[in-house]
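Student: Here you go, one structure.
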Amino acid sequence: MVAEKTPLLEVRNLWVKLPDEEEYIIRGLDLTIHAGEVHALMGPNGSGKSTLAKVLSGHPGYEVTDGEVLFRGENLLEMEPDERARAGLFLAFQYPMEVPGVTIANFLRLAYQRRFNTEIKYTDFYKILLQHLKKLEMDASFAGRPVNEGFSGGEKKRFEIVQMSLLEPVLAVLDETDSGLDIDALKIVANGVNSMRSPERAFLVITHYQRILNYITPDYVHVMVEGRIVRSGGPELALQLEEKGYDWVRSELAGTATP
Amino acid sequence: MAQPDILNLDQDYKQKYGFYDEIKPVFQTERGLSRRVVEAISIEKGEPKWMRDFRLQAYEIFLSKPMPTWGPDLSQLNFDEIVYYIKPTDRKGRSWDEVPEEIKRTFDRLGIPEWERKFLAGVGAQYDSEVVYHNLAKQWEEKGVIFVDTDTAVREYPDLVKEYFGTVVPPHDNKFAALNSAVWSGGSFVYVPPGVHVEIPLQAYFRINAKNAGQFERTLIIAEEGSFVHYVEGCTAPVYAEEALHSAVVEIIVKRGARVRYTTIQNWSKDVYNLVTKRAVAYGDAIMEWVDGNIGSRVTQKYPSVYLLEPGARGEILSVAFAGDGQHQDTGGKLIFAAPYTTGRITSKSISKGTGRASYRGLVQVLEGAHHAKCNVECDALLLDEDAKTDTYPYIEINEKEVTIGHEARVSKVSDEQIFYLQSRGLKKDEALTLIVSGFIEPLAKQLPMEYAVELNRLIELEMEGSVG
Ligand SMILES: Nc1ncnc2c1ncn2[C@@H]1O[C@H](COP(=O)(O)OP(=O)(O)O)[C@@H](O)[C@H]1O
Ligand SMILES: [Mg+2]
């Protein structure tokens, strides 16, 4: 790894809370991701993983009181959510939203046009969309269905990866894409991710369980507890966690003096 | 989807529809309403005595009825400021070449002749008070279909007109029905012989050009047994800062086994009071469908109705309203179950934006003896802003035991999470909103012929522009 290269993402001392609360959800988080890397972010429920993912994507509901986030050297926090997407940031949602009455084809054609700053005819786009659906083993009929409406949990997750595949992000954040997937679906999703791994692209795979990391091998594993990364290491860290549970990190943490 | 200019919403209506022609009408009545004005209209039209008497009686009824106060605020509507009859030209064409040049240009600009060539069976075009163009494709004429303006019908088909005119919406029905009955002019007369299916739509386009104009068209559709027709109407007006009044009456008779679909895309400029009475009667196994889209106007009061008179009759009302800044859309529908085994459904979708207010007002009435009537009412309101308002007034009167009536109402706000989801895929905030709104009205768009669905979506896009600060 070339150390002097500008990181794709650089999070420095990030502090995040809800606007009308005093309690912080993210408490001085640091994270650096370079192109070509796959990072896994693990942590118990409520540790702030989704909040981090949403803040990176520009969710308006959170207040960043301190710290900075650079995406390819630029101040990410000043950008609108759609600008971030067009710049190549992608978030696979833990809970994808339903948009009644809007077909996947109509929605994603618009997204495609914005992401690649181009105009594309409906029929041409349709062909492209079908390829990506197929890759994630989703039926072509999904193209005409309303976005996420009536989808099973697994279909929703798979559809997130279809979108990632279509929009070719530079940095993809996958928020618990593995939860709720059976083993076959998990493999399909992992294949989708692995096929996109490249020296130009990076992934932040947020997960509660080690299971998905059997299929997507991370370069780094971080453990998040109470709004900050308390431990980082290689893939072996995930296995240790699996074995000893999150209480292990917590108890270790209790032993260390706070800085 | 073309990306419209975000800052110039009203500018855009002005450019596309809001222009006006400097034409000198060949005849117009003096400002305000009086017995003399009513007579002048009738004389100018050279009408038979029975119609003149009908008008004068209606005028008395109009005077005797108080201004309705149960609905939207009509206090700014001044009857004395309106010009009730404006005849733009003496000529009426069956080909566009016969239409005076500047008027033809208006309809060209609105795309009407082009639509006619492409996919319509017939077109009527009304400009202020008079229909200036009317044509029905030969093929339908040969089958005995009649599609003319209502004034022509009074002259050429007096027996049919006398038999049905004012029977579905009598003058004393309400103040504005009385007003229309007194000063009506133009509108369409449609007659479909037994068993004839007019497979492609007939369209009427209504244009107000003059300032402070009143437009009072009168439409009468008679669908004989086993026939079918789809009638579509659209409308626009210039943007003046003074009120104009549109008060139409539409009467439809759907005989046994016939089916009529009546589609409206109302896009009046935001100074028009749109107070319309639309009603149909449906006989045995007949189907009446109202598809009513209200986007424009300052105030609209319109509740398309179906009276289900014989067993097996069905009424469908689909109403979509978009209330933007300063607009009040008071819309809905009425179903009167007057026979056993009749069915119906009202679906209402409204969107309120800025200071707009959308009200659903509906009546479901099951008369004694109408056992096994089945009715479902569904109202969905979508609020786009904190200040936007919506309310529902669902009146249900049931005088029979064995009936099935369902009613559901929902109010939703566009959720920040939904917008964020779409934005996180690269859509701009107002694109995200527009997409959510277009998804919301999709059930209506799906009912429309393709061209109208595209038009409706485009109008919604226009309304959505600049909706995010
Ligand atoms: N919009 C929100 N409203 C209320 N509480 C929130 C919101 N977002 C996050 N939180 C709280 O912040 C904490 C972290 O949540 P989250 O980021 O979803 O954790 P994780 O994804 O690690 O399970 C939790 O206690 C959660 O309840
Ligand atoms: Mg989470």
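The values are calculated or read from the model by the stated rules, or taken from the named source; none is laboratory data. Predicted model only: the values in this text are computed from it and were never measured. Cβ coordinates were reconstructed from backbone atoms using ideal geometry, including for glycine residues, and neighbour counts include every protein chain displayed. Side chains are part of the model used for accessible areas, which takes the heavy atoms of the whole protein and leaves out ligands, DNA and RNA. Shrake-Rupley method; radii C 1.70, N 1.55, O 1.52, S 1.80 Å.
Student: How about the range A:84-97: which of its residues are more than 8 Å from chain B (Cβ to nearest Cβ) and surrounded by fewer than 21 Cβ atoms within 10 Å (Cβ to Cβ)?
Tutor: A:Ala87, A:Gly88, A:Gln94, A:Tyr95
Student: Please determine whether any residue of the range B:98-119 is under 28 Å from B:Asp53 (Cα atoms) and at pLDDT below 95.
Tutor: no
Student: In the range A:102-135, which residues are within 8 Å of another protein chain (Cβ to nearest Cβ) and touching a strand residue (DSSP E or B) at 6+ places or on another chain (Cβ under 6 Å)?
Tutor: Once the filter is applied, which keeps residues that are within 8 Å of another protein chain (Cβ to nearest Cβ) and touching a strand residue (DSSP E or B) at 6+ places or on another chain (Cβ under 6 Å), the range A:102-135 yields A:Val102, A:Phe107.
Student: Of everything in the range A:205-237, what is over 9 Å from A:Met42 (Cβ atoms), in contact with a Leu (Cβ under 6 Å, 6 or more places away or on another chain) and away from ligand 2 (no atom under 16 Å from the Cβ)? Give them in sequence order.
Tutor: A:Val230
Student: Starting from residues that are closer than 13 Å to A:Lys54 by Cβ and buried (at least 20 other Cβ atoms within 10 Å of the Cβ), keep the ones in the range A:66-83 and report whichever is farthest from the other protein chains (Cβ to nearest Cβ).
Tutor: If we take residues in the range A:66-83 being closer than 13 Å to A:Lys54 by Cβ and buried (at least 20 other Cβ atoms within 10 Å of the Cβ), then A:Val69 is farthest from the other protein chains (Cβ to nearest Cβ).
Student: Of all residues in the range A:28-60, count the ones that are open to solvent by 70 Å² or more (accessible area, probe 1.4 Å) and part of a strand (DSSP E or B).
Tutor: Of the residues in that region, 1 qualify.
Student: Restricting attention to the range B:214-254, which residues are of a type in the set (Asp, Glu) and open to solvent by less than 20 Å² (accessible area, probe 1.4 Å)?
Tutor: B:Glu217, B:Glu233, B:Glu251
Student: Let me ask another. Name every residue in the range A:206-226 that is β-branched (Val, Ile, Thr) and within 13 Å of ligand 1 (Cβ to nearest atom), in order of residue number.
Tutor: Matches in the range A:206-226: A:Ile206, A:Thr207, A:Val223, A:Val225.
Student: Further question: Got a sec? Which of A:Val69, A:Val64, A:Val38 is among the β-branched types (Val, Ile, Thr) and under 30 Å from A:Lys244 (Cβ atoms)?
Tutor: Just one listed residue meets the conditions, A:Val38.
Student: Then there is this: Could you tell me which numbered condition B:Asn135 fails, if it satisfies all but one of (1) within 16 Å of B:Tyr231 (Cα to Cα); (2) part of a helix (DSSP H, G or I)?
Tutor: Unmet condition: (2).
Student: Between B:Asp430, B:Asp387, B:Asp416, which is acidic (Asp, Glu) and facing chain A (nearest Cβ under 10 Å)?
Tutor: Values: B:Asp430 fails: facing chain A (nearest Cβ under 10 Å); B:Asp387 fails: facing chain A (nearest Cβ under 10 Å).
It is B:Asp416.
Student: Restricting attention to the range A:181-229, which residues are of a type in the set (Ser, Thr, Tyr) and closer than 30 Å to A:Arg27 by Cα?
Tutor: Those that are of a type in the set (Ser, Thr, Tyr) and closer than 30 Å to A:Arg27 by Cα: A:Thr207, A:Tyr209, A:Thr217, A:Tyr220.
Student: Follow-up. Kindly provide the set of residues from the range A:41-65 that are among the aliphatic types (A, V, I, L, M) and away from chain B (no Cβ under 14 Å), ordered by number. Lay out the reasoning, then the answer.
Tutor: Within the range A:41-65, the subset among the aliphatic types (A, V, I, L, M) is A:41-42, A:52-53, A:55-56, A:64.
Listed by number, the residues that qualify are A:Leu41, A:Met42, A:Leu52, A:Val64.
Student: A further question follows. A:Ile25 passes all but one of (1) in contact with a Phe, Trp or Tyr (Cβ under 8 Å, 6 or more places away or on another chain); (2) open to solvent by 10 Å² or more (accessible area, probe 1.4 Å); (3) more than 16 Å from ligand 2 (Cβ to nearest atom); (4) more than 14 Å from chain B (Cβ to nearest Cβ); which number fails?
Tutor: Condition not satisfied by A:Ile25: (3).
Student: Is there a residue in the range A:113-125 that is in contact (Cβ under 8 Å) with a residue 24 or more places away in the chain and either farther than 18 Å from B:Gly426 by Cα or within 16 Å of ligand 1 (Cβ to nearest atom) (or both)?
Tutor: no
Student: Let me ask another. So which residues in the range B:173-227 are under 17 Å from the mean Cα position of the chain (by Cα) and among the charged types (D, E, K, R), if there are any at all?
Tutor: B:Arg207, B:Glu217, B:Arg218
Student: Residue under question is B:Lys162, and the condition is that it be out of contact with any Lys or Arg (no Cβ under 8 Å at 6 or more places or on another chain), assigned to a loop (DSSP other than H, G, I, E, B) and of a type in the set (D, E, K, R); does it hold?
Tutor: Here the answer is no, as B:Lys162 does not meet what is asked.
Student: Out of the residues in the range A:172-183 that are away from ligand 1 (no atom under 16 Å from the Cβ) and away from chain B (no Cβ under 13 Å), which is surrounded by the most Cβ atoms within 10 Å (Cβ to Cβ)?
Tutor: Top of the filtered list is A:Leu181.
Student: If I filter the range A:182-204 for residues that are within 16 Å of ligand 2 (Cβ to nearest atom) and either modelled with pLDDT of 95 or more or assigned to a helix (DSSP H, G or I) (or both), do I get at least one hit?
Tutor: There is at least one residue in the range A:182-204 that is within 16 Å of ligand 2 (Cβ to nearest atom) and either modelled with pLDDT of 95 or more or assigned to a helix (DSSP H, G or I) (or both).
Student: Specify the residue that is surrounded by the most Cβ atoms within 10 Å (Cβ to Cβ); the eligible residues are those in the range B:298-355 that are among the small types (Gly, Ala, Ser) and in a loop (DSSP other than H, G, I, E, B).
Tutor: Only one residue fits best here, namely B:Ala313.
Student: Pick from A:Met97, A:Met42: which is more than 26 Å from A:Pro218 (Cβ to Cβ), within 16 Å of ligand 2 (Cβ to nearest atom) and under 16 Å from the mean Cα position of the chain (by Cα)? Spell out how you get there, then give the answer.
Tutor: On the way: A:Met42 fails: more than 26 Å from A:Pro218 (Cβ to Cβ).
Being more than 26 Å from A:Pro218 (Cβ to Cβ), within 16 Å of ligand 2 (Cβ to nearest atom) and under 16 Å from the mean Cα position of the chain (by Cα) holds for just one of A:Met97, A:Met42, which is A:Met97.
Student: So is A:Gly43 within 13 Å of ligand 1 (Cβ to nearest atom), in contact with a His (Cβ under 9 Å, 6 or more places away or on another chain) and more than 17 Å from A:Ala92 (Cα to Cα) or not?
Tutor: yes
Student: Which one of the conditions (1) within 14 Å of ligand 1 (Cβ to nearest atom); (2) in contact with a Phe, Trp or Tyr (Cβ under 6 Å, 6 or more places away or on another chain) does A:Val38 fail to meet, given that it meets all the rest?
Tutor: (1)
Student: Given the criteria within 17 Å of B:Met51 (Cα to Cα) and assigned to a helix (DSSP H, G or I), does B:Ser181 qualify?
Tutor: For B:Ser181, the condition - within 17 Å of B:Met51 (Cα to Cα) and assigned to a helix (DSSP H, G or I) - is met.
Student: Out of the range B:395-426, which residues are over 27 Å from A:Pro81 (Cα atoms) and either in a helix (DSSP H, G or I) or touching a His at 6+ places or on another chain (Cβ under 6 Å) (or both)?
Tutor: Once the filter is applied, which keeps residues that are over 27 Å from A:Pro81 (Cα atoms) and either in a helix (DSSP H, G or I) or touching a His at 6+ places or on another chain (Cβ under 6 Å) (or both), the range B:395-426 yields B:Glu400, B:Glu402.
Student: Is it the case, given these coordinates, that B:Arg261 is open to solvent by 10 Å² or more (accessible area, probe 1.4 Å) and not in a strand (DSSP E or B)?
Tutor: Here the answer is no, as B:Arg261 does not meet what is asked.
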